[in-house]
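Since the structure comes first, as structure tokens, the remarks are kept for the end.
None of the figures in this text is laboratory data; all of them are computed from the coordinates on show. Quick caveat: nothing in here was measured; it's all calculated off a predicted structure. Positions of Cβ are backbone-derived with ideal geometry, glycine not excepted, and every protein chain shown enters the neighbour counts.
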Amino acid sequence: MIVQKYKDMLSGKSVIRQLSEFATARGAEIGYENVFDYSLGNPSVPVPQEFTDRMIHMLATQEPSVLHGYSPSLGITSVREAIAASLNERFGLPYKAEHIFMASGAAGALAHAFRLVTEPGDEILTFAPFFPEYNPYVNLTGAVLKIVPPNTADFQINFEAFEAMVNEKTMAVLINTPNNPSGIVYSKETIERLADTLRKKSAEFGHDIFIISDEPYREIVFEGVEAPCVSAFYDNTIMCYSFSKSLSLPGERIGYVAINPACKEAATMVNMCGQISRGIGHNCPPSIIQLAVAQVLDKTADLSVYEKNMNLIYDCLMELGFTCVKPGGTFYIFPKALEEDAKVFCEKALKYDLILVPADSFGAPGYFRMAYCIDTEKVVRSLDALRKFVETEYPDQVKKTEEK
Ligand SMILES: Cc1ncc(COP(=O)(O)O)c(C=O)c1O
């Protein structure tokens, strides 16, 4: 018998993927350059040349069995050492190779983190707006994902709602800063308050509550914004990192879990990841990619285009009278729609070949997301379409803005 729960998921496909498929089909009709596709968070800038050069050099000079063989189950030791050293240099924490587990992207890292600290029926809390793939990531482990409602004033944490929701079943809190979809970076004050609350709640319930810190956008932070290192604030932190966005190589599926050395059983937890891998099949990410990223740990793709795009879009949204918290990083922006139902709003935008994603599935109905990892030239052209869309569909909005 085939399993019904996966069959049921077919009718709840990701709205992001559906819109991206729509954009591709529309592109085949009118030319993809004429479709303003803000659906998918697929990096638009090339991988650093140095990464390519190192790959070519390795392919030309190294033993095929080293490059293409299975890696050890926790990852290649020299790679784990290099990652630990790089984290220590940046954040002043005492990581060693024994605290690092190589995983296939953030998704693979998270799959291990959830299983490390939850049993079926336990709860993981996360904060809206959140990455909708957290639902299948968590729920298919048997744990239950609970969503804390958003603080729409600035998209930092809604502590009142959070404190009311933490209970004895809460084993972990999943955070994502810089955040997909809001683009917001949690402040030092937010992370300090979260850590204080969790220390209190862990004592109250008599068990550890972990922070699982999903950090694929750690390197994409804009001018004047600081992204604090979550692990520096809370001992029981499981960092889940991905090179997908920082190096523009999401197809290579590479990232890692870094267990805070201050966790009571940090090295054991890394060994446990090796056992979890055996069950879920996210084991031994490609050896050649592990070796290549270890050589460019201090490099990123040219991420400056994202800030340029963000400023262009944010200024246009402000000119048109949208409500929007200015992103501090990532390649997402998260404005409020001009009518209550963001799905209707985004549906109308399609007439102007603007592909915007309604945020109902991100836990923030009434908002929409734009993933601006596209060429700046296209962003500029899309803003004309955005102006036309607003002027035609929401003439009152234009009047209101002119009166101000
Ligand atoms: C918040 C967040 N977490 C995890 C992931 C998965 O990242 P990866 O492709 O590295 O598995 C993504 C991808 O877009 C993301 O936005």
What ranking, highest mean first, results for peptides 89-96, 122-129 when packing means the other Cβ atoms within 10 Å averaged over each residue? 122-129, 89-96
Between Thr323 and Ala161, with labels modelled 7 Å along Cα→Cβ, what's the label distance in nm to one decimal, could you check? 1.4
Full-extension gain between Ala28 and Asp384, please, as 0.36 nm times their residue separation minus the C-alpha to C-alpha distance. 126.0 nm
Sort out for me the Cα centre separation of segment 139-153 from segment 293-321, rounded to whole Å. 28
With R₀ set to 22 angstrom, the calculated FRET efficiency between the beta-carbons of Leu350 and Asn311, to the nearest 0.05, is 0.30
Selection from Thr268, Met239, Pro216 lying farthest towards where the dipole of segment 179-287 points positive, charges on Cβ: Thr268
Selected from Thr61, Leu87, Gly41, residue furthest toward positive end of dipole (segment 1-89; charges at beta carbon): Gly41
Lys5 versus His68: modelled label distance in nm, points set 7 Å from Cα along the beta carbon direction: 3.8
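Taking the Cα centre of the chain as origin, sum charge times position over the Cβ atoms of Lys and Arg (+1) and Asp and Glu (-1), and report the length of that vector in debye to the nearest 20.
Values: 37 positive and 51 negative charges, 136 e Å.
The calculation lands at about 660 debye.
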Only counting other Cβ atoms within 10 Å, I'd like Asp396, Asp196 sorted with the fewest neighbours first. Asp396, Asp196
Residues of segment 81-115 with backbone nitrogen within less than 15 Å of a virtual label 7 Å along the Cα-to-Cβ line of Asp235, please, listed as ranges. 94
Determine the dipole magnitude for segment 274-385: charges of +1 sit on the beta-carbon of Lys and Arg, -1 on that of Asp and Glu, nothing else is charged, the reference point is the Cα centre, and the result goes in debye to the nearest 20. 360
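How much net charge surrounds Gly279 when only other residues with a Cβ under 15 Å from its Cβ are counted (Lys, Arg +1; Asp, Glu -1)? Please report the intermediate quantities before stating the final value.
Working: positive: Arg115, Arg278; negative: Glu119.
With Lys, Arg at +1 and Asp, Glu at -1, the net is +1.
Suppose a student asked you for the relative contact order of the chain, using Cα pairs under 8 Å spaced at least 6 residues apart; what percent would you report? Could you put the intermediate results ahead of the total?
Numbers: 757 pairs, mean separation 93.8, N = 404.
Once divided by the residue count of the chain, the mean separation gives 23 percent.
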Linear extension gain, Leu140 paired with Asp53, 0.36 nm per residue minus alpha-carbon span: 27.4 nm
Which one, Gly105, His282, Gly255, projects farthest toward the positive side of the charge dipole computed for the chain from Cβ point charges (K/R +1, D/E -1)? His282
State the extension gain, in nm to one decimal, for the chain segment bounded by Glu339 and Lys188, taking 0.36 nm per residue of separation less the distance between their alpha-carbons. 51.0 nm
Just how far, in whole angstrom, is segment 94-134 from segment 189-210 if you go by their alpha carbon centroids? 18
Take every DSSP beta bridge with both residues inside the chain and express the antiparallel ones as a percent of the total, to the nearest 5. 45
